[in-house]
Each structure stands twice: as C-alpha cells, then as structure tokens.
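Below you'll find the structure, written out as structure tokens, and then a few comments.
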Amino acid sequence: MKKFPEIVVDFIFNVINGTKRVRVFFTTLAGTFFTFLVFFTIYAALMLDRFCNFSRLFTYPWSLVIGLPVICSGIFVWLWSAWQFLKAKGTPVPFCPPSSLICTGPYAYVRNPMLDGVFLILFGIGFLAGSISLVFIFTPLFVFCSVLEFRFIEEPELEKRLGREYVEYKKRTPMLLPRFC
C-alpha cells in the first residue's frame, strides 16, 4: 500500500506527463491555492494579534525601516527565481515545470529560493504590520509546512523525473539557506 506522499508524487508526475490542458488546469489550481494560503496566513496572523490584543512588535518608523527592506528582498529573490523558470520555458508551479534542471541564478545557491522569497515577504509583512503572530507563529509554521511539502512531495517527484542529475544537485546545494564557506 502506497503512503500519502507517494500517491501525491505519482499524481504530480502523471499530470506533468499528461496533456497540456490538464497541466494548465492543475497549474492554475495549485497557483491559486498557494496564493490563497499565503494571504490566509497573513490574515489569520493579523486576526490573532487583534483577538489576543497583542502589542505591535515595532512601531512606526521602525516597522517600515525593518519591514520594507525584508519585503523588497523577498520580492527580488522570488522574481529572480521565477525568471529562471520562465527562461527555461516552465512555471514555478510543479505541474508545468521546465524540461531540465535549473541550476542558475539563485538555484546555484539553494534548491528552493522561490520559497525563501515567500518566507522573506511573510516576515517582512509581519515586521511592517508589527505582527507578533506573523513573525513568531504563522511564518515559522508556514516555513515548517513548506519544508515538509518540499522534502516529502516535491523532491521525490524531482528525483523521479530528473533522476541522478537532481540527486547530485541535491547533494551539493542546500535546501533553503546558502552556504557561505
């Protein structure tokens, strides 16, 4: 009996190798779902702050001084990562990937810089909004869930589809935090 992650990996693999119409449908669906999760994470954190009457993490202008550069860094990393996919004629969503492994741009430093960008954006919004919940609860929880999904769903699918090339890339490239030595 297959475990849930294996079923999902097989499903993604089959969609990728299916018709263009099916790939486009699931790409749109997955992209919309992920966007919803990001916005829901922000909304839920802000509502928890309000419900618990948490004080602001930073007040103006510190919230702006700290939050805006973090958001801009996250947007830059996310766009730079997405650009690599578009150049390779794929999408960032796993259902319409490029046909070959991307090891250029930010992918030379980490295996999933796009998620790094999203994490920075969430932390930045948390700092900008002064949200204790977004900075210390919801973003770390989002990071944890994303790492689990990447490790147990996306990476096995990449290994299945790209084989030895991805296994070697995985050995030499860290998942989220670049090596500086």
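Annotations for the structure displayed:
- Annotation for the range 112-129: no member residue is surrounded by fewer than 18 Cβ atoms within 10 Å (Cβ to Cβ) and among the aromatic types (Phe, Trp, Tyr).
- Selected residue (only one of Leu37, Leu48, Leu79 is over 14 Å from the mean Cα position of the chain (by Cα) and aliphatic (A, V, I, L, M)): Leu48
- With a requirement of 1 or more residues that are under 11 Å from the mean Cα position of the chain (by Cα) and more than 28 Å from Cys52 (Cα to Cα), the helices (runs of 4 or more DSSP H) lying completely within the range 107-174 that satisfy it span 113-129, 139-149.
- Subset of the range 43-81 [among the β-branched types (Val, Ile, Thr) and either within 17 Å of Leu115 (Cβ to Cβ) or touching a residue at least 24 places away in the same chain (Cβ under 8 Å) (or both)]: Thr59, Ile66, Val70, Ile71, Ile75, Val77
- Residue within the range 88-105 that is among the aliphatic types (A, V, I, L, M) and in a helix (DSSP H, G or I) present: no
- Number of the exception - Phe13 against (1) in a helix (DSSP H, G or I); (2) loosely packed, with under 12 Cβ neighbours inside 10 Å; (3) of a type in the set (Phe, Trp, Tyr): (2)
- Check on Val93, touching a Ser or Thr at 6+ places or on another chain (Cβ under 7 Å), more than 21 Å from Thr32 (Cα to Cα) and open to solvent by less than 40 Å² (accessible area, probe 1.4 Å): no
The values are calculated or read from the model by the stated rules, or taken from the named source; none is laboratory data. Just so you know, these numbers come straight off a predicted model, no measurement behind them. A quick note on method: Cβ atoms are made from the backbone with ideal geometry, for glycine too, and the neighbour counts reach across all protein chains shown. Please note that ligands, DNA and RNA were not included when accessible areas were found on the heavy atoms of the full protein model with its side chains. Shrake-Rupley method; radii C 1.70, N 1.55, O 1.52, S 1.80 Å.
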